[in-house]
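Before any comments, here is the structure.
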Amino acid sequence: MEKIKNSIELTLNNTIKENERLYSSLTDSISLDAYEPKGEIWTSALQSALNEHQIVYIPKREKPYIIDNSIVVPSNRRIIADNEARIKLLDGVSVLMLRNQDTADGTHMPITAKRSENISIEGGIWEDWCPHRMGYGKSGKYDTCRSFFGVSTYMLLENINHLTLKNMTFKGCGGFAIQIGEAKDVVIENITFDSCYADGVHVNGNVENIYISNVKGYVGDDLVAFNMFDWQDSSINFGPCKNVICQDLDLYPNSHYKALRIEPGVYTFKDGKKVDCSLENAIFRRIRGIKTYKLYCQTPPYKIGQSPEPVSVGSGNNIFFEDINIDLDAPIDLLKEYIESDPIKGSIAGFELGLNVKNIYFKNIDITLHRDKYPYSYLLCIGPKSSRFDDGTEVFDPYFSSVAQNVYFENITVNGKCPKDISPYVREIVFDNLYDDISSTGYGKIENIIYS
């Protein structure tokens, strides 16, 4: 176990050092105030500065820098903004604020286009105009005709190598603040979200070597999400994620949704070829404010009797959770089955598994369960989920089965005590022809528990 963790640490330390070496090698610089805005609109000025120089400084000014269209960042560029400089998307603009130059849509087939290289953005208050979550296709679009259907974000950074984002504040984002995919060697640190309404950092598939540290704030959905598989309105990148450190997260208490989504799954491209959107070699540690860690595939809701999206359970290996406190005082999803504690469908847990995982580790986990109110509360559960609305819509996938080969527990505290036996706090969920149809039989199984 320690050997694997040390290897992950070494890999990400090398990523940090190499990214710093690359962006520090850039020398040709200019200050944005050397360019003239068009009235109060700075779009052309900032775009020209980035086209003509490797480094662009954005100084503090009394008014915000108003941007009315997407800024496109070439390779080998560094944006350094004063921490009090405000860069704001013009009210009502429906396209994203910023993207790298070599973006590509991997929805229907794997991406083979060349990647952007060496982009760094530091500092600044990056503002959207939205008063609430706008919904897909209403803000954060790739362009006005939404030609990349799965983009819904303030910043899109994908099909890229060597990306660094640090010391930034995002404010009022109606879609994801940051959407990342098809990327290698990514460093994200010291990020604050101020009244953002969807995911903060939304990571999609085909990502290798990603370091996320010291991320905090208020968001309407996941503070950080690892959606290697995702719905087609939320991603253009599908594939595995390998070598991850995600640490020192602080979701503010007034945030609406206190979950961290990790979504593996097997995705089918247009030609019928499949890719396992897996997670391998990942460390999640020192995280505050999260009630439930969701590690399962979920298709879009579908009508009973109709076929759900053709997805199957994804995989994982060497996933570590450490130094985490959880107060599971309510279900993360306020659905009838959970609120009323249905004995078959109503399990809730700090860690909900629905993937085929070889090795998963839990160390220094302190969880509080409220079994007087929610008797089917657990530290961990594995298996299918189901909730059906009165209109005949299924929210989850009751036919999914999943297996965990080795689950390691070390120094676990439940309601202030270290239990001698962990089994009362672990549940394997089994649906046996739950709805008397062909799509309601699934199970979760743990082959081996190692508890110390």
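Worth pointing out:
- Of all the criteria given as (1) surrounded by 17 or more Cβ atoms within 10 Å (Cβ to Cβ); (2) over 25 Å from the mean Cα position of the chain (by Cα); (3) small (Gly, Ala, Ser), the one not satisfied by GLY92 is (1).
- Scanning region 24-53 for residues that are touching a residue at least 24 places away in the same chain (Cβ under 8 Å) and either loosely packed, with under 14 Cβ neighbours inside 10 Å or aliphatic (A, V, I, L, M) (or both) yields a count of 10.
- Selection over region 15-36 of residues that are closer than 27 Å to ILE212 by Cα and touching a strand residue (DSSP E or B) at 6+ places or on another chain (Cβ under 8 Å) gives a count of 9.
- Residues that are of a type in the set (Phe, Trp, Tyr) and in contact (Cβ under 8 Å) with a residue 40 or more places away in the chain within region 202-254 comprise TYR211, PHE226, PHE229, TRP231, PHE238, listed in sequence order.
- When TYR293 is tested against (1) among the hydroxyl-bearing types (Ser, Thr, Tyr); (2) under 26 Å from VAL219 (Cβ atoms); (3) in contact (Cβ under 8 Å) with a residue 60 or more places away in the chain, just one condition goes unmet, and that condition is (3).
- So SER377, is it over 29 Å from SER307 (Cβ atoms), at pLDDT 95 or above and in contact with a His (Cβ under 7 Å, 6 or more places away or on another chain): yes
- Residue count, region 396-442 (criterion: of a type outside the set (S, T, N, Q), closer than 21 Å to ASN356 by Cα, part of a loop (DSSP other than H, G, I, E, B) and touching a residue at least 60 places away in the same chain (Cβ under 8 Å)): 4
- Top-ranked residue in region 302-322 [being at pLDDT 95 or above and part of a loop (DSSP other than H, G, I, E, B); ranked as surrounded by the fewest Cβ atoms within 10 Å (Cβ to Cβ)]: VAL313
- When region 216-236 is filtered for residues that are of a type in the set (A, V, I, L, M) and closer than 25 Å to THR103 by Cα, the ones remaining, listed by number, are LEU223, VAL224, ALA225, MET228, ILE236.
- Applying the criterion of at least 2 residues that are closer than 30 Å to TRP231 by Cα to the strands (runs of 3 or more DSSP E) found wholly in region 10-117 leaves 71-73, 86-89, 98-100.
- Residue within region 407-418 that is buried (at least 22 other Cβ atoms within 10 Å of the Cβ), under 27 Å from PRO301 (Cβ atoms) and touching a strand residue (DSSP E or B) at 6+ places or on another chain (Cβ under 6 Å) present: no
- Residues of region 67-124 that are among the charged types (D, E, K, R) and either at positive phi or touching an Asp or Glu at 6+ places or on another chain (Cβ under 9 Å) (or both): ARG78, ARG86, LYS88, ARG99, ASP102, LYS114, ARG115, GLU117.
- Residue among ARG21, ARG61, ARG78 that is among the charged types (D, E, K, R), in contact (Cβ under 8 Å) with a residue 40 or more places away in the chain and out of contact with any Lys or Arg (no Cβ under 6 Å at 6 or more places or on another chain): ARG78
- LYS5 vs. criteria in a helix (DSSP H, G or I), out of contact with any helix residue (DSSP H, G or I) (no Cβ under 8 Å at 6 or more places or on another chain) and exposed (fewer than 15 other Cβ atoms within 10 Å of the Cβ): no
- Hits in region 323-352 - residues which are in a strand (DSSP E or B) and over 18 Å from VAL395 (Cβ atoms): ASP323, ILE324, ASN325, ILE326, ASP327, LEU328, GLY350, PHE351
So that you can scan it fast, the table gives a plain yes or no per residue for (1) buried (at least 22 other Cβ atoms within 10 Å of the Cβ); (2) touching a residue at least 24 places away in the same chain (Cβ under 8 Å); (3) out of contact with any Phe, Trp or Tyr (no Cβ under 9 Å at 6 or more places or on another chain):
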site: GLU340; (1), (2), (3): no, no, yes
site: PRO343; (1), (2), (3): no, yes, no
site: GLY346; (1), (2), (3): no, yes, no
site: ALA349; (1), (2), (3): yes, yes, no
site: LEU355; (1), (2), (3): yes, yes, no
site: ASP366; (1), (2), (3): no, yes, yes
site: SER377; (1), (2), (3): yes, yes, no
site: LEU380; (1), (2), (3): yes, yes, no
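The values are calculated or read from the model by the stated rules, or taken from the named source; none is laboratory data. The model shown is predicted, which means the values in this text are computed figures rather than measured ones. Counting neighbours? That spans all protein chains shown, and the Cβs are built from the backbone with ideal geometry, glycine included.
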